[in-house]
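Following: one structure in structure tokens, then a few remarks.
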Amino acid sequence: MAQALRPNTAGSLFATDDRPHPVQDAMLAVTLVLGLIAFITSFFHSLHLLSSWTGLAGIFTGLYGQWISETTRERFGLILGLGAAGIGFFIGMAHGGLFGGLF
């Protein structure tokens, strides 16, 4: 049971293999911020342009982040950001879409 007494020595919250992942952490942060913006602005009908565009950008950054991610913790945060971005994107599309009825 010696392993039960060992402290968690991981240097970063997102790097469980004791190596830095600056690109993956940046993609995680961008995806979470875009997903949060898209999700919150989707509650307001007049902000459909912001919610749909930030949701679309969050989906693309989240997918790329999933492609290059190396740890489970990065993937977990990316999935949360992707979900929020997807919900914000689809509600923004339902409220008026990417171009707001211009086309």
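The values are calculated or read from the model by the stated rules, or taken from the named source; none is laboratory data. Not measured: the values here are computed from a predicted model. Note: ideal-geometry Cβ built from the backbone for every residue, glycine included; neighbour counts use all protein chains shown.
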Reported set for segment 52-70 where residues are hydroxyl-bearing (S, T, Y) and crowded, with 18+ Cβ neighbours inside 10 Å is S52, T54, T61, S69
From (1) assigned to a helix (DSSP H, G or I); (2) at pLDDT below 95, pick out the condition that doesn't hold for D18.
(1)
All positions within segment 62-101 that are farther than 17 Å from V30 by Cβ and hydrophobic (A, V, I, L, M, F, W, C):
I87, F90, I91, M93, A94, L98, F99
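Just give me the residues in segment 48-73 being part of a helix (DSSP H, G or I) and touching a residue at least 40 places away in the same chain (Cβ under 8 Å), in sequence order.
Quick first cut of segment 48-73, residues part of a helix (DSSP H, G or I) only: 48-68, 72-73.
Scanning segment 48-73 gives H48, L49, L50, S51, S52, W53, L56, G65, I68, T72, R73.
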